[in-house]
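Okay, structure first, notes after.
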Amino acid sequence: MSNVYTHGHHESVLRSHRWRTAQNSAAYLLPHLRAGMSLLDVGCGPGTITAGLAEAVAPGPVTALERTEPALALARESLHVSLRLGNVAFTVGDVHSLDFSDGSFDVVHAHQVLQHVADPARALSEMRRVAADGGIVAARDSDYSGFMWYPRLPELDRWMSLYQAAARANGGDPDAGRRLLALARRAGFTRITSTASVWCFSTAEDRAWWGGMWAERIVESDLARQLADSGLATMADLRAISAAWTRWASDGDGWFAVPHGEIVCQK
């Protein structure tokens, strides 16, 4: 059971993923980590969050999981986490059917994963299965319908509607952040702490990075190809959206917020 990964792995996408750290993307989980814990990082991407989690639990063993070998290679090649820390191993697997024994890990973590999988409740059930008794399952996902920005450019409204359509066509749920508590309950958890946090891009530097990244992604990434190939948008449409991202980034009043749902579940 799998999905098409809507974003793909174009350099503009990886630029976004490499910005993520345990501090800016897993702060809700860090207070629960202790030295010596074993941890599974599901959907590790380029490994920048994995690195921070590995530091927090060192010398405890960390397993970084991705669904394909090319995706997993990004973590190996971009950070060389295992060489630097010595406590990280890499493996390919499917979160719907994890190839680990029951109770294998003290902590099971997933960042921006459940919004992309075919059956997020089943994925959480598998994460629960491989967590040890008394262990933790943690997840954080954004909520696209909750994204907020100013100025409210019509091309960015169009960007949002196109992304929602593409993600749902691929079997994902771009609004998964608001459903994490419900999904955790469906997966059998009863001890759940549910919180929220926000990325905010408002400085000139942040706007240049976020807006520039999306200006490129909307015309160069797998998302762009999907939108064009499916007939949802023309390349002219996508270039207009790209130009709007550039205008937004250069506007001194520009502001963008990305809300996230978070869960820490005790088994």
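Only the coordinates and a few stated rules stand behind these numbers; no lab work does. If you're wondering where the values come from, they're calculated on a predicted model, not measured in any experiment. Here the Cβ positions follow ideal geometry from the backbone for every residue, glycine too, while neighbour counts run over all protein chains shown.
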Between SER202 and ALA58, the two model label points (7 Å from Cα along the beta-carbon direction) sit apart by a distance in nm of 3.5
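Only four residue types carry charge here, +1 at the Cβ of Lys and Arg and -1 at the Cβ of Asp and Glu. Report the dipole size of the chain about the Cα centre in Debye, rounded to the nearest 20.
Numbers: 25 positive and 29 negative charges, 97 e Å.
The calculated dipole for the chain is roughly 460 debye.
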Highest average packing first - 56-64, 199-207, Cβ atoms within 10 Å: 56-64, 199-207
What percent antiparallel are the DSSP beta bridges of the chain, to the nearest 5? 55
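Taking only DSSP H segments of four or more residues, each worth -39500 (n - 2.57), what value at 222 nm results for the chain once the sum is divided by all its residues, to the nearest 500 deg cm²/dmol?
Values: 11 runs with 115 residues, N = 267.
It comes out at -13000 deg cm²/dmol, rounded to the nearest 500.
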Between ALA257 and ASP119, what length comes free when the chain is fully extended (0.36 nm per residue of separation minus the Cα-Cα distance, one decimal in nm)? 47.0 nm
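Near GLY254, within a Cβ-to-Cβ distance under 14 Å, what is the net charge of the other residues, with Lys and Arg +1 and Asp and Glu -1?
On the way: positive: ARG152, ARG207, ARG247; negative: GLU155, GLU205, ASP206, ASP251, ASP253.
Net of charged neighbours comes to -2.
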Could you tell me whether the chain comes out rounded, prolate or oblate from its Cα gyration tensor? Rule is a ≥ b ≥ c as square roots of the eigenvalues, rounded for a/c under 1.5, then prolate if a/b exceeds b/c, otherwise oblate. prolate
Note, ASP143: beta-carbon cut-off 10 Å, +1 each Lys/Arg, -1 each Asp/Glu, net -1
Local charge sum around ASP237 (other residues, Cβ-Cβ under 13 Å, Lys/Arg +1, Asp/Glu -1)? 0
